[in-house]
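Down below is the structure, laid out as structure tokens.
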Amino acid sequence: MKRKKSLPKPLETLCGFIEMLLITLLAVCLVFTYLLRIAEVSGDSMSATLESGDKVIMTSFCNNPKQGDIVVFYASGAVTFDDSGGLVISVGLRRSLMKRVIAAEGQTVDFDFERGIVYVDGKELNEPYISGLTHSDQGAFTGKYPIKVPEGYVFVMGDNRRASIDSRAKEIGFVPVDDIIGKVIFRFSPFGIIG
């Protein structure tokens with residue numbers, strides 16, 4: 001019986017390194033294909049929390065968004081109420097947006113536009129992250145506040161309230177949870193403000 005020849009030690013080490021590198025690359029590809037995604041912030045609606053051009057990592061699993069989560073969603077349709085309180089779905093902006101969840105399903109949203117205050121479930125929302133107060137109604141629910149977020153939807157707003165088209169706008173309204181692409185978990189670029 002012949003003995004199998006073994007590789008010289010340096011070549012064996014090199015092969016082991018290449019094997020480990022390929023397994024690592026495969027694992028990274030699988031993670032970024034099925035678990036995590038990279039997104040780039042476009043526009044000023046999330047300023048000063050996130051600036052245009054920032055790159056973030058988001059998780060693809062966001063089937064139960066919570067108040068305060070920053071989410072990326074596809075605004076395919078605009079969901080508002082008709083005069084009798086039924087849901088009306090019309091054409092949306094048809095693009096991806098990044099906003100903060102202000103209220104989840106079952107919660108009530110109200111505004112004092114004069115004072116710039118947002119209320120969720122009757123309590124003033126503590127919003128240290130905003131850039132400017134909420135003084136403008138954008139027509140989605142004019143005259144209908146306070147509103148209760150229906151099951152399967154969230155109410156979202158940008159942190160820069162003066163430059164954000166969000167759930168207050170008739171082009172967006174309530175966001176279906178099924179339209180949420182992911183939840184932002186980490187900013188990794190620019191490198192000076194990682195976190």
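Kindly provide the helix-only [θ] at 222 nm of the chain, computed as the sum of -39,500 (n - 2.57) over DSSP H runs of four or more divided by all residues, to the nearest 500 deg cm²/dmol?
-4500 deg cm²/dmol
Filter the GluC sites (Glu not before Pro) in segment 108-195 to those in DSSP coil with at most 11 other Cβ atoms within 10 Å of their Cβ, and list the result.
Those satisfying the criteria are E114, E151.
Just want to confirm a number: the relative contact order over segment 7-80, from Cα pairs under 8 angstrom separated by 6+ residues, in percent.
On the way: 40 pairs, mean separation 16.1, N = 74.
Once divided by the residue count of segment 7-80, the mean separation gives 22 percent.
Keeping all protein chains in place, calculate the accessible area per residue for the chain (probe 1.4 angstrom), answer in Å².
Accessible surface, normalised per residue, equals 59 Å².
Starting from segment 71-139, pick out the chymotrypsin sites (Phe, Trp or Tyr not before Pro) whose DSSP state is loop and whose Cβ has at most 16 other Cβ atoms within 10 Å.
Qualifying residues, ordered by number: F113, Y129.
Read through the labelled values (i) 9, 34, 34, 19, 5, 0; (ii) 8, 31, 29, 12, 7, 6, 4, 2, 1, 0; (iii) 9, 39, 39, 12, 1 and report the label of the one computed as P(r) over Cα pairs in 10 Å bins from 0, in percent from the structure.
Label of the calculated value: (ii).
Carbon and sulfur atoms: what percent of the 1.4 Å accessible area of the chain do they account for?
58
Given the chain, what count of lysine pairs have C-alpha atoms under 20 Å apart, with each pair 8 or more places apart or on different chains?
13
Which loop-located trypsin sites (Lys or Arg not before Pro) does segment 102-157 contain, where loop means any DSSP state but H, G, I, E or B and the Cβ has at most 14 other Cβ atoms within 10 Å?
Here the sparse-neighbourhood loop sites are R115, K144.
Relative to the longest principal axis of the chain, what angle (0 to 90°, nearest 10) does the C-alpha long axis of helix 9-34 take?
Once rounded, the angle reads 20 degrees.
The values are calculated or read from the model by the stated rules, or taken from the named source; none is laboratory data. Everything numeric here is computed off the predicted structure, so don't read it as measured data. Cβ: placed from backbone, ideal geometry, glycine included. Neighbour counts: every protein chain shown. Areas reflect the complete protein model, heavy atoms only, side chains present, ligands, DNA and RNA absent. Shrake-Rupley method; radii C 1.70, N 1.55, O 1.52, S 1.80 Å.
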